[in-house]
Every structure is written in structure tokens, then in C-alpha cells.
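The values are calculated or read from the model by the stated rules, or taken from the named source; none is laboratory data. Remember, predicted model here, so these are calculated numbers, not experimental data. Here the Cβ positions follow ideal geometry from the backbone for every residue, glycine too, while neighbour counts run over all protein chains shown. Just so you know, the surface numbers come from the protein's heavy atoms only, side chains and all, with ligands and any DNA or RNA stripped out. Shrake-Rupley method; radii C 1.70, N 1.55, O 1.52, S 1.80 Å.
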Amino acid sequence: MTGWAKGARYVAAVLAIGLAAGCASKSDESLNLEAMQAGEIFALGERAMERDPRKGDGGKYFAEVERLYPYSEWSKRALVMQAYAFHQQKKYEDARGAAQRYLDQYPGEEDAAWAQYLLAISYYDQIDEIGKDQGLTFQALQALRVVIEDYPTSEYARSATMKFDLAFDHLAAKEMEIGRYYLRRGHYTAAINRFRVVVEQFQTTSHTPEALHRLVESYLALGLTGEAQTAGAILGHNFRGSPFYDDSYRLLTGRGLAPVSEGQGWLQTVYRRTIQGKWL
């Protein structure tokens, strides 16, 4: 069970006796929240989420439960619902604050996995376009990893794994975007440094074939044919069906070269490990 419906189990008893119905008929201005019971205020939050989770006042009501009835069972329930409500309203910092408070206060509770997931996706959903700073991407990866490793049997683990892979791919795309920028301007050493990061640190992403091809281009431009051939050899061994291998093969053979392992350096290490299985 996910989303606002998860909180419905918390308020079922309240709804059953009609408290929420009585409160919902009043305007926000006429409600004296301090005179209401915790369950009544919580029910108002549920009603607001049900009406419009992205625009409603659910988070406000859940925050009032926490303020007026601290350390109560309702407060604990309201805290994780705050995180959800604020996330739905795209108030990401507020969502993270509520989720982190829940994790700090109730680390062993059933909803800790949900709180950690809300914390993670409040970073993830703020990831900007490839061309911008990737600090939030790193934070999203760290928080998603906690979901995957600490709550592997939870209902959130699969979604966290998928988002982790996408965020990881996003970082590789950032490196590729910068590397291509340098390559187009003839800054080959700077470009190589970016493509190297992809090959060494993001080798499981979809960007590795292109990174190897761009290394072939960059090294050929610098006259470092051995490194270019080795990059081509790794590309051919792991991604022979890729159009990037076809392009690299044409570049190399057009200069009388072949995609084979040559010379020394970091690419030789990659070649020995990934192709020859020699890790020492």
C-alpha cells in the first residue's frame, strides 16, 4: 500500500465515528485546531490529501498534530504523513525535514522504510537537467542506497533500485556532456579525463560504448595510437554490436590500425581486468 492511501489505515477508526465529516464541513478559518482531538486533526489532513494531494493542506494539518500532541501515537503517524504530503506539494525541503525527523525518532518502526524512501525521492525528484549541478543526484543516490540496503524486503526496494540506476546513468550523462564539450573544442586531455570517469566509474551505464569511442577519437587526435587501439579493443570486445564500435573501427582501420591492445596505461589495466580477468 503506497501514497495517501497508506495513511487511511491510521484514521479508519476516526472516520468510522464521523469525526472527520463534522470537521470537514467547516472552513479553515473557523476551525480551532487547538480545541480538537489529535484524531480529528489527522482526519482533516487525510481529507485534504484525498481532495487534492498536490494543492491541499494535508501537510499543515499533520504538522499541527505533531505540534499539539507530541510523542503521541497520532504524532508519530502524522510525521510520516507530513513527509508524504509535503512531497506531493513539491515542498521537498519540508518533506526531507519531516522524513528525517521520523527516522531519527522512530528508526525501528514499520514506516521507517517509507520515510527513508520519501527522503530519497525528495532528492531524486529535484534532479535537474544534465547541464546543471549534480549535487542533488549524489544525495539521491546515497538515500536510495539506504532504502535498497537497509530495507531490501520492503515494498519500496524495487522502485528505489530502478531510481538508483536512473540517477547513476544521469551522472554518467553529465560526464559525457562535459567530455563532448571539451572534445568539440579540441581540449583533448580534458575530454579524456571525463570519458575515463565513465569507463572506470560508470561502466554499467548505457554511456560506456560512446565513452570508449570518444576515447578513440581523442587519443587519435593526440597521436596516441596505442591508447586509441586499446580503447577500440575494449569497445569491440564488450559492445561489438554498437554503432559506436563501427565508427571506431572505421577510424582505426582508416589509419592502418586495428582495435587491439597496445601500450601501457590505465586502459591497459581496464583491458586486463575486464577482458583477460587479471585483477593483479
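Listing for the model above:
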item: Unit charges at the beta carbon, dipole of the chain: most positive-side option, 245, 173, 81; result: 245
item: Ellipsoid equivalent to the chain - semi-axes via the Cα gyration tensor, in Å; result: 55, 17, 13
item: Relative packing of peptides 200-206, 266-272 - highest average C-beta neighbours within 10 Å first; result: 266-272, 200-206
item: Neighbour-limited loop hits for chymotrypsin sites (Phe, Trp or Tyr not before Pro), segment 40-106 (at most 10 other Cβ within 10 Å; DSSP other than H, G, I, E, B); result: 71
item: Burial ranking of peptide ranges 226-238, 242-254 (average Cβ count within 10 Å, highest at the top); result: 226-238, 242-254
item: Segment 108-194: GluC sites (Glu not before Pro) in DSSP loop, at most 16 other beta carbons within 10 Å; result: 109, 110, 129, 155
item: Largest to smallest accessible area among 111, 57, 165 [probe 1.4 Å]; result: 165, 57, 111
item: Among 266, 37, 220 - extreme Cα towards positive end, dipole of the chain, charges at beta-carbon; result: 220
item: Accessible surface of segment 36-170, 1.4 Å probe, proportion on carbon and sulfur as whole %; result: 47 percent
item: For the chain, with +1 on Lys and Arg beta carbons and -1 on Asp and Glu, the positive-most of 92, 235, 134 along the dipole; result: 235
item: Contour excess over end-to-end distance, with Cα ends at residue 73 and residue 189 and 0.36 nm allotted per residue; result: 35.8 nm
item: 5 Å-binned pair-distance histogram of segment 160-280 (Cα, whole percent); result: 2, 13, 22, 24, 21, 11, 5, 2, 0, 0
item: Shape call, segment 212-273: gyration tensor on alpha carbons, a/c limit 1.5; result: oblate
item: Helix axis angle, 188-201 relative to the chain longest principal axis, alpha carbon, degrees; result: 60 degrees
item: Heavy atoms of residue 127: accessible area, 1.4 Å probe, square angstrom to 10; result: 40 Å²
item: In degrees, nearest ten, helix 157-184 long axis to first principal axis of the chain (Cα); result: 40 degrees
item: Principal axis dimensions, largest first and in whole angstrom, of segment 36-170 by Cα; result: 49, 30, 21
item: Cleavage-rule hits, trypsin sites (Lys or Arg not before Pro), segment 157-249, DSSP coil, Cβ neighbours within 10 Å at most 10; result: 185
item: Degrees between helix 73-88 axis and first principal axis of the chain (Cα, 0 to 90, nearest 10); result: 50 degrees
item: Electrostatic dipole magnitude of segment 172-276 [Cβ: Lys, Arg +1; Asp, Glu -1; Cα centre; debye, to 20]; result: 100 debye
item: Charge tally in the Cβ shell below 13 Å around residue 254, where Lys, Arg are +1 and Asp, Glu are -1, residue 254 excluded; result: -1
item: Check: the chain dipole with +1 on Lys, Arg Cβ and -1 on Asp, Glu Cβ, in debye; result: 940 debye
